[in-house]
Amino acid sequence: MACNFFLIYIYNQREPLNLTIMPRMIYDYTKSVLERVSFDPVLFCKELRKALKNLLPYELEQLRKWLQNYTTEKPELRQFISIVS
């Protein structure tokens, strides 16, 4: 029954749904998590592997570029850029 309500809700919307919001939120959240765990390379690697499962291909490319910039001052994390590539 909940599914039917959701479909009716989408159908009744006057404006098209913005389906780009959710992936962008996941990408931003991923960056936030990686920044918070950057003190521990093992944890950083674990979270980076989770990101590979959750992000879209173009977001992975953005993440790779972000990692290159973010790890310039954190050489202990640079080795993990290859995980995203």
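Values quoted throughout were computed directly from the atomic coordinates according to the rules given, and no laboratory measurement underlies them. Being a predicted model, the structure only gives us computed values, none of them experimental. For neighbour counting, all protein chains shown are included, and Cβ atoms are generated from backbone atoms with ideal geometry for every residue, glycine included.
Just a few scattered comments:
- Proximal lysines relative to K53, as straight alpha-carbon distance under 17 Å, when same-chain residues fewer than 8 apart are discounted: K31
- Whole-Hz ³J(HN,Hα) from phi, Karplus 6.51 cos²θ - 1.76 cosθ + 1.60, for the range 38-52, glycine and proline x: 5, 6, 10, x, 5, 5, 4, 4, 4, 5, 5, 5, 4, 4, 4
- Size-normalised alpha-carbon gyration radius of the range 45-85, reference 2.2 N^0.38 Å: 1.07
- Count Lys and Arg as plus one, Asp and Glu as minus one, and take only other residues whose Cβ is under 12 Å from that of Y29; the net charge is then 0.
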